[in-house]
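*Asks:* Right, I'll just put the structure down here and ask away after.
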Amino acid sequence: MAYNKYPKIRITNNQAGFVILDTTEEHLKVYVKNFEFAKDFRAERGWDAPQFNSTHQAYFLFMYNA
């Protein structure tokens, strides 16, 4: 894979345990199964600890608004 062509934020299933995308016309929410990855990802950005989402059985990583 040409990883140098990808944007700065790269999340793989190997890192995250699984990546779950929750999409609507207004937003894209990203969740991951691996708590340690979510905790480190959010801490590197100065964000609060990840919250567990019981619907997706995964940890909230970030949201992108359209």
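Bear in mind that the values in this text are calculations on the coordinates, not laboratory data. What you see is a predicted model, and the numbers here were worked out from it, not measured in a lab. Cβ: placed from backbone, ideal geometry, glycine included. Neighbour counts: every protein chain shown.
*Asks:* With bins 10 Å wide starting at 0, give me the P(r) of the range 13-65 over every alpha carbon pair, in whole percents.
*Replies:* Reading the bins upward from 0: 28, 56, 16.
*Asks:* Please list, ordered by chain and number, the residues whose modelled amide H lies under 5 Å from the amide H of Lys33; skip anything fewer than 5 residues away on the same chain.
*Replies:* Phe18, Tyr59
*Asks:* A further question follows. Working out 0.36 nm times the residue gap between Gln15 and Asp40, then minus their Cα-Cα distance, what length gain in nm do you get to one decimal? Don't jump to the answer; show the numbers that get you there.
*Replies:* Working: separation 25, 0.36 × 25 = 9.00 nm, distance 1.10 nm.
Going from the current span to full extension adds 7.9 nm.
*Asks:* Here is a follow-up. Note down the magnitude of the dipole of the range 13-65 about its Cα centre, charges +1 on Lys and Arg C-beta and -1 on Asp and Glu C-beta and zero elsewhere, to the nearest 20 debye.
*Replies:* Here the size comes out at about 140 debye.
*Asks:* Rank these for me by crowding, His27, His56, going from fewest to most other beta carbons within 10 Å. It would help to have the intermediate numbers written out before the result.
*Replies:* Working: His27 11, His56 16.
The most exposed by this proxy come first: His27, His56.
*Asks:* Show the residues, 5+ positions off or on another chain, whose built amide H is closer than 5 Å to the amide H of Phe62.
*Replies:* Amide H to amide H, under 5 Å and 5 or more residues apart or across chains, Phe62 pairs with Val30.
*Asks:* How high is the relative contact order of the range 13-65, in percent, with contacts defined as C-alpha pairs under 8 Å that are six or more residues apart? Can you show the working numbers first?
*Replies:* Numbers: 89 pairs, mean separation 19.3, N = 53.
Worked out over the range 13-65, it gives 36 percent.
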